[in-house]
Amino acid sequence: MIKNKTNVKETKDALISRGLERVFINRYTLDDVTKKMRKMVLFHPEILTGYFKAIDNHNALNEVFKSANEFEIDLSEIPFWKKKINSIADLATSTDGSVSELWYGNADYIISAANMVQDFDWKKLFDNMSILQDNNNYLRTSYKTVAKRYSETNPLLFKSHVENNIFFTKDRKPAYPVRGIMYSHYVGLGFLTKKTARKIRSDGSEDSSLSGLKTLTDNLDLYSNSDELLLQFTDSKYEGVVLHLVDTLPEYLLASIMGTPFYWAKRKLESRLEAIEKAREAAKNLLNESESEV
Amino acid sequence: MTNAENNTCLEIVPEEEAMNKEDVLNFLIAIGVNACNRSYDASHKEMKDNFLAMSLKEIAPTWEHLDDNVKISIITIHADEFKAWVNNG
């Protein structure tokens, strides 16, 4: 039997740490006990004094932030967590490999923490992640989130980033999914001009070109010259782009794609024109009927 | 108008049972021991053995949260104390 008090304390401390690891382990479903303990620890972080090391790793902290979100606990309002959030957000700009883990999707809590820090430097994080993402054809969710936050928090810097690194660069451009997401945010922020629309139309990837166009058709209200911008895409070499135009162009601009060489785009255009004609005739008949009734 | 008059059924929402720091730490110890009990890791086994070797007074606050297997191990290891307690009872 352990009689020594130090040994008892050591054993208890080790078991508490083991218990915390267990409570904040990644699982598909959480039982009631785990939920209860997570809530207790999040609300009363003083419990963690001396034991924080047990959950000071990417997996456990991911669970901490996930649970806080689930239980609607604002960690930034709890002093203990506020301090931790600031140091976690610093990881986003560190060189210890955390950015790489974040990019892989193993440390999403860093983004949650960064979101809680006022005036967080998203540009720095974005630049760090771009090094990992730019030449990669698989777009990571974490990169998408960071790019979005960067474009929202610093639109002008983001605009110059896209222009200097994609539209008007002679160096190698980022991979196609990165260009696609950049076009999407650039257009969504209302920065598109006739010249940059032409650049998006001429992109080497159908996906990238289409994502720029889709954002334009979703945000036509942002542009007073929307017709002019849409018309920049009508001679696209990509069938997907022309098909999207067939679906979304206003009726009075449909003539601009009538000469398309794409078979399916032609068939789709025919169907749309027929539908427009039918709707027009139906409206005419309805008008005639109501007039004859009068 | 009362709720009864209004025919409103009020749902009874059970309140979260409040726990003090000691309770939470004891609960965590129990979760830790339960986890060690299912582990093949030598260090975890050692942690569990150290726990089982603690006095019953130290173990008692964690009792209700322990797995049955751990409880059996405690009784086995502390069998003499239990026998003495039963005989004196």
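When Rg is the radius of gyration of the Cα atoms in chain A and Rh is its Kirkwood radius, what does Rg/Rh come to?
Radius of gyration over Kirkwood radius for chain A works out to 1.18.
What is the angle, in °, between the Cα long axis of helix A:141-153 and the longest principal axis of the Cα atoms in chain A? Nearest 10 is fine, range 0 to 90.
Between the helix axis and the principal axis of chain A, the angle is about 70 degrees.
Which angle from 0 to 90°, rounded to the nearest 10, does the C-alpha axis of helix A:122-133 make with the longest principal axis of chain A?
Helix A:122-133 sits at roughly 80 degrees to that axis.
Could you grab the relative contact order for chain A? Cα pairs under 8 Å, six or more apart, rounded to a whole percent.
9 percent
Taking 24 Å as the cut-off for C-alpha to C-alpha distance, list the pairs among A:Lys194/A:Lys214; A:Lys53/A:Lys148; A:Lys214/A:Lys284; A:Lys9/B:Lys57; A:Lys66/B:Lys48 that go past it.
With Cα atoms farther than 24 Å apart: A:Lys53/A:Lys148; A:Lys214/A:Lys284; A:Lys66/B:Lys48.
Which one, A:Ser211, A:Ser236, A:Ser160, has the greatest fluctuation when you compute a Gaussian network model over chain A with C-alpha springs under 10 angstrom?
Fluctuation is largest for A:Ser160.
Provide the per-residue ³J(HN,Hα) series for the stretch A:273-289, in order, calculated from phi with Karplus coefficients 6.51, -1.76, 1.60 and θ = phi - 60°, each as a whole number of Hz, with x at glycine and proline positions.
For the stretch A:273-289, the Karplus-derived couplings read 5, 5, 4, 4, 4, 4, 4, 5, 5, 4, 5, 5, 4, 4, 5, 4, 4 Hz, x marking Gly and Pro.
So what's the stretch A:72-198 giving for Cα Rg divided by 2.2 N^0.38 Å, two decimals?
Computed over Cα atoms of the stretch A:72-198, the ratio equals 1.12.
In whole Hz, what ³J(HN,Hα) sequence does the stretch B:21-34 give by Karplus (6.51, -1.76, 1.60; θ = phi - 60°), x for Gly and Pro?
Rounded to whole hertz, the list is 4, 4, 4, 5, 5, 5, 4, 5, 4, 4, 4, x, 5, 4.
Could you please state, rounded to a whole Å, how far the C-alpha centre of the stretch A:89-151 is from the C-alpha centre of the stretch A:212-251?
One Cα centre to the other: 31 Å.
Which value results for Rg/Rh of the stretch B:20-88 when Rg is the Cα radius of gyration and Rh the Kirkwood radius based on the inverse mean 1/r?
A ratio of 0.99.
So for the stretch A:14-137, what percent of the C-alpha to C-alpha distances run longer than 18 Å?
53 percent
For the stretch A:130-179, state which chymotrypsin sites (Phe, Trp or Tyr not before Pro) are in a DSSP loop and have at most 15 other beta carbons lying within 10 Å of their beta carbon.
Counting only loop positions with at most 15 other Cβ atoms within 10 Å, the chymotrypsin sites (Phe, Trp or Tyr not before Pro) in the stretch A:130-179 are A:Tyr138, A:Phe168.
What chymotrypsin sites (Phe, Trp or Tyr not before Pro) in the stretch A:20-123 are in a loop by DSSP, with at most 13 other Cβ atoms within 10 Å of the Cβ?
Hits after loop and neighbour filter: A:Tyr28, A:Phe71.
Could you pull out the trypsin sites (Lys or Arg not before Pro) across the stretch A:136-177 that fall in loop regions by DSSP (anything but H, G, I, E, B) with no more than 10 other Cβ atoms inside 10 Å?
Counting only loop positions with at most 10 other Cβ atoms within 10 Å, the trypsin sites (Lys or Arg not before Pro) in the stretch A:136-177 are A:Lys170, A:Arg172.
Rank the residues A:Thr169, A:Thr29, A:Thr11 as a footprinting-exposure proxy: fewest other Cβ atoms within 10 Å of their Cβ go first.
With the sparsest Cβ surroundings first, the list reads A:Thr29, A:Thr169, A:Thr11.
Readers should treat all values here as calculations from the given coordinates under stated rules, not as data from a laboratory. Please read these numbers as outputs of a predicted model, since none were measured by experiment. No Cβ is skipped: glycine too gets one built from the backbone with ideal geometry, and neighbour counts run over all protein chains shown.
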